[in-house]
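Supplied in structure tokens, the structure appears directly below.
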There are 2 protein chains.
Amino acid sequence: MTAPVLYLEDLSVGQIFESGSHILTAEEIKEFAGRYDPQPFHLDDELAKDSLFGGLASSGWNVAAVSMRLMVDSLPIAGGMIGAGAEIAWPRPTRPGDTLRIVTEVVEVTPSRSRPERGMVLVRSKTLNQLGEIVQTMASRMVVPRRPLREIDK
Amino acid sequence: MTAPVLYLEDLSVGQIFESGSHILTAEEIKEFAGRYDPQPFHLDDELAKDSLFGGLASSGWNVAAVSMRLMVDSLPIAGGMIGAGAEIAWPRPTRPGDTLRIVTEVVEVTPSRSRPERGMVLVRSKTLNQLGEIVQTMASRMVVPRRPLREIDK
């Protein structure tokens, strides 16, 4: 038996998917930043105090990466989640120790005209911290396969 | 002596910044995906062959993270690069061994009306592979400080 997966037919506008949670530690913030966003306010507690953030804050791309992980775990698209692009914003900083979760809503489901075996799905997601504050909003388009005919026949 | 940094006054529409390059190895692709985007086509060469990608491909978020690193290294904004949000697209897959670089163009420079000490800058960037093909496009808004008065006086 394999884990249940979602095909285009299983998705409808207004559906909401909620993830588990992830604690973003100072260690992960600094490790990610050291590799991908090596700026003082993501790396050094003291230097961060004098920055626009007023204290250590995660790279937005770290929040995006954690959000992707939470989304992969909570929205099991058949064949995997293949994104074509996204619009992303970080309305407030994410701090060491924040517990993040993501809530994703299906906004559009569009079967492809030229490719009958798949479609596009637009989702909007909010990444929330432990206070329920929004630390990231994202709209993303994904390619989602239709259910193969042999499975419909069952 | 400190490294030269760019203030709002140093940026003008049409300016272009070119980065160095980064080779995205299969090892980095799998390590990033294992942590943030654990899907078969980012993790397993064999399973990736049967996916929409037709072979191992990087997570888009891995390309975004590498692009951020390349941008940080090539566009030394005073006080650091603080993004408010971005629009991102991945027109083609990034493959193991691809050499990535980023070209960033200044599109808008807008002094803040309410905060005289800073402004917003809109940049558009293209992440290119070794064939010059675009693997990521991004438009992003950043907060950029104005040059402090004492430095103008010098």
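The values are calculated or read from the model by the stated rules, or taken from the named source; none is laboratory data. Nothing here was measured: the structure is a model prediction, and the numbers come from that model. Positions of Cβ are generated from backbone atoms using ideal geometry, with glycine treated the same way; all protein chains shown enter the neighbour counts. Note: accessible area is taken over every heavy atom of the protein model, side chains too, but ligands, DNA and RNA are not part of it. Shrake-Rupley method; radii C 1.70, N 1.55, O 1.52, S 1.80 Å.
Under 5 Å between amide H atoms, partner at least 5 residues away or on a different chain: which partners does residue A:100 have, H built in plane at 1.01 Å?
Hits under the 5 Å cutoff: A:22, A:23, A:24.
Axis carrying B onto A: which residue of B has the nearest Cβ, and how far, whole Å?
Checking which Cβ lies nearest the axis yields B:87, 2.
If the elastic network links every pair of Cα atoms under 10 Å, which of B:95, B:69, B:113 fluctuates the most in the Gaussian network model of chain B?
B:113
Determine the total buried accessible area between chain A and chain B, counting protein heavy atoms only with a 1.4 Å probe; round to the nearest 100 Å².
Approximately 3000 Å², summed over both chains.
Under 10 Å, Cα contacts only: if you run a Gaussian network model on chain B, which one of B:96, B:40, B:116 comes out with the highest mean-square fluctuation?
Evaluated over chain B, the most mobile residue of the options is B:116.
Continuing with this model, one more query. Which angle from 0 to 90°, rounded to the nearest 10, does the C-alpha axis of helix B:60-74 make with the longest principal axis of chain B?
40
Then there's this: So which residues in the stretch A:46-85 end up with at least 30 square angstrom less accessible surface once the other protein chains are there, compared with the chain by itself, probe 1.4 angstrom?
Relative to the lone chain, where solvent access is computed with a 1.4 Å probe, the stretch A:46-85 loses at least 30 Å² at A:52, A:61, A:65, A:68, A:69, A:72, A:82, A:84.
Return the calculated 222 nm mean residue ellipticity for the protein assembly as shown, to the nearest 500 deg cm²/dmol, obtained by summing -39500 (n - 2.57) across DSSP H runs with n ≥ 4 and dividing by the residue count.
The helix-only estimate for the protein assembly as shown comes to -7000 deg cm²/dmol at 222 nm.
Determine the distance separating the Cα centre of the stretch A:35-91 from the Cα centre of the stretch B:40-76; give it in Å without decimals.
Going from one Cα centre to the other spans 16 Å.
Hey, another quick one. Through the Karplus equation 6.51 cos²θ - 1.76 cosθ + 1.60, θ set to phi - 60°, convert the phi angles of the stretch B:81-93 into ³J(HN,Hα) values in whole Hz; use x for Gly and Pro.
9, 10, x, 8, x, 7, 10, 9, 9, 10, x, 8, x
Which of the aspartates and glutamates could be linked to residue B:30 by a straight reach, that is with a Cα gap under 18 Å, when you skip same-chain ones fewer than 8 residues away?
A:28, A:31, A:73, B:44, B:45, B:46, B:50, B:98
Round to the nearest 10 and give me the degree value, 0 to 90, for the angle of helix B:26-36's Cα axis relative to the longest principal axis of chain B.
Tilt of helix B:26-36: around 80 degrees.
Roughly how many Å² is the accessible area per residue of the stretch B:26-154, as a whole number, for a 1.4 Å probe?
46
Okay, moving on. Dipole of the stretch B:3-154, Cα-centred, from +1 at each Lys and Arg C-beta and -1 at each Asp and Glu C-beta, to the nearest 20 debye?
I would put it at about 660 debye.
Considering Cα pairs under 8 angstrom that are at least six residues apart, work out the relative contact order of chain B and quote it in whole percent. Spell out each step's value before the answer.
On the way: 312 pairs, mean separation 44.5, N = 154.
For chain B, the relative contact order is 29 percent.
Using +1 at the Cβ of each Lys and Arg and -1 at the Cβ of each Asp and Glu in the protein assembly as shown, identify which of B:54, B:84, A:109 lies farthest towards the dipole's positive end.
Looking along the dipole axis, the top candidate is A:109.
Restricting attention to the alpha-carbon atoms of the stretch B:36-154, what are Rg (one decimal) and Dmax (integer), both in Å?
18.0, 63
Using Cα-Cα distances under 8 Å and only pairs 6 or more residues apart, what relative contact order does the stretch B:113-154 have, in percent?
43
Roughly what % of Cα-Cα distances in the stretch B:35-105 sit above 14 Å, to the whole percent?
For the stretch B:35-105, the share of Cα pairs beyond 14 Å comes to 66 percent.
Roughly to the nearest percent, how much of the accessible area of the protein assembly as shown is carbon and sulfur, given a 1.4 Å probe?
Exposed carbon and sulfur together represent 53 percent of the surface.
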